[in-house]
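Structure first, then comments.
Here, each number is a calculation from the coordinates, and none is a lab measurement. From a predicted model like this one, the values you see are computed outputs, not experimental measurements. Positions of Cβ are generated from backbone atoms using ideal geometry, with glycine treated the same way; all protein chains shown enter the neighbour counts.
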């Protein structure tokens, strides 16, 4: 029977689960981010302004989530090694005790807690459809009306009626679709956080002592950190949705303004015809085109507003990249773990058998020392 | 135990602030344009145009569609606003088609004085030609930057 406050086999099993979870489930997050949330091949026109930032941000966060996955997988590996070390200590203690007394009992670990089974959620990322041409639906009627009278407006003003709306090129529903992909990423991170917290609690049920407490703190930090991380892709979705929504509203209003232009120009065209029929009318046509210019200028201003809001969203998406390194999922586990190691070493040392492998038991202690820095820290791979 | 990670909302809000300011500005512009359009839509065809159409309807060269519409207008069965709102049925459609074709036949190649840009238009605060040039330049630069993503 183990004298240690740990169910070694279950700790090892949880470590293996943590590792598999990190490599597989959490590991899928980075690729999903790069492939789905970072897709920009369907963006053109004014969307070219923001597309590189969307792509780059997806790469930054995708790589960052790869690091997170390595931290989680490394945590599992560390738990397995810790379980192995406990087993070696247990064996050394039992062997030392055999010198003085006959051992009794089984070789199974004593149940010390109520740790539940490993639990895990799978949140898939999926491709989100776009509307192939939302602009055509909005401007279709206007385009039909403009053909017969555009020459009138051009003759009096030098402009073509649809110039402003023709400048607003780009399918804003691609932004909505990419936003949904970022929302998928957020759901994945939240689920990972839930799983880490749940399984940290499970480990807590089969492992007592200072090292276990340290791991518990680490796990809670990791889980809470993942929950905090899940807010960032949601915010990116919000930014993309805001842009898509304003773009569509501006586009619709631009069409409405140009329909007002068309209305005035139609009256102007009729005035020209009346001029042919009864000898007067050219002045009325000129006046109507002059009135139409007010709505036309407002429509052109909308073009600039669309550009400005895209630029603002572009800056926001770029700004989110800085948040990838903001959060520290786990810090300073080593002190407590070192204390536990010392106790173990002392125990074994007193028995005259200090295995070399105890020299560095603090696998967990070397876990994330910088922002999601586990993979870069020694002892975690 | 306090979470190791800071509350992300403050950092997120800071990133989103310029976008929020821009969307609020857009909200004001949308409201201004909506008010402008409401005024424009509530306007009726002016007396100058009504008189012109009545005069033209009496012309021997006027199309039948115009004469029929003019009689309906006099009878109070519809208004010239109905005609220009495309609510005057087949006669309205036929008249507009006749008028647009007549105008194009006789004025497409004519020299006309350019329309004046009113103070109301200038108050919008943009120059269409400058905006068009700026957008064309922006699109070309953005296209090149986006292309680099796929062809670095």
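List the relative contact order of segment A:27-99 as a percent without decimals, with contacts defined as Cα pairs under 8 Å and 6+ residues apart. Don't skip to the end; give the middle numbers.
Values: 40 pairs, mean separation 25.5, N = 73.
Normalised by residue count, the contact order of segment A:27-99 is 35 percent.
Taking beta carbons within 10 Å but only from partner chains, what does the mean come to for residues B:42-54?
Numbers: counts 0, 4, 0, 2, 5, 0, 6, 9, 0, 2, 12, 9, 2.
What the average comes to for B:42-54 is 4.
Above 13 angstrom, tally the Cα pairs of segment B:32-81 and express them as a % of all pairs, no decimals. Before the final figure, lay out each step's value.
Values: 764 of 1225 pairs.
The answer is 62 percent, as a whole percent.
Can you tell me how segment A:194-240 classifies by the Cα gyration tensor, rounded, prolate or oblate, using a/c under 1.5 as the rounded cut? Could the numbers behind the result be given before it?
Working: a/c = 8.34, a/b = 3.30, b/c = 2.53.
It is prolate, given that a/c is not under 1.5 and a/b is the larger ratio.
For segment B:63-152, report the convex hull volume of the alpha-carbon atoms normalised per residue, in Å³, without decimals.
On the way: hull volume 20.6 nm³, N = 90.
For segment B:63-152, the hull spanned by Cα atoms encloses 229 Å³ per residue.
In Å, what Kirkwood hydrodynamic radius results for segment A:15-67 from the alpha-carbon pair distances? Before the final figure, lay out each step's value.
Values: mean 1/r = 0.0839 Å⁻¹.
By the Kirkwood definition, the hydrodynamic radius is 11.9 Å.
Equivalent ellipsoid semi-axes for chain B, as square roots of 5 times the alpha carbon gyration tensor eigenvalues: give them largest first, rounded to whole Å. Kindly include the intermediate steps, with their values, before the conclusion.
Details: eigenvalues 546, 111, 53 Å².
So the equivalent ellipsoid measures 52, 24, 16 Å along its semi-axes.
Sort B:84-95, A:154-165 for me by packing, meaning the mean count of neighbouring Cβ atoms within 10 Å per residue, highest on top. Walk me through the intermediate numbers first.
Values: B:84-95: 16.4, A:154-165: 20.8.
Ranked from most to least packed, the peptides come out as A:154-165, B:84-95.
Within 10 Å of each Cβ of A:11-21, how many other protein chain Cβ atoms are there on average?
Numbers: counts 0, 0, 0, 0, 0, 0, 0, 0, 0, 0, 0.
Across the residues of A:11-21, the mean count of other-chain Cβ atoms within 10 Å is 0.
Pull out a ≥ b ≥ c, the square roots of the eigenvalues of the alpha-carbon gyration tensor of segment A:189-283, then state rounded if a/c is under 1.5, prolate if not and a/b is larger than b/c, and oblate in the remaining case.
Working: a/c = 17.77, a/b = 9.14, b/c = 1.94.
Since a/c reaches 1.5 and a/b is larger than b/c, the shape of segment A:189-283 is classed as prolate.
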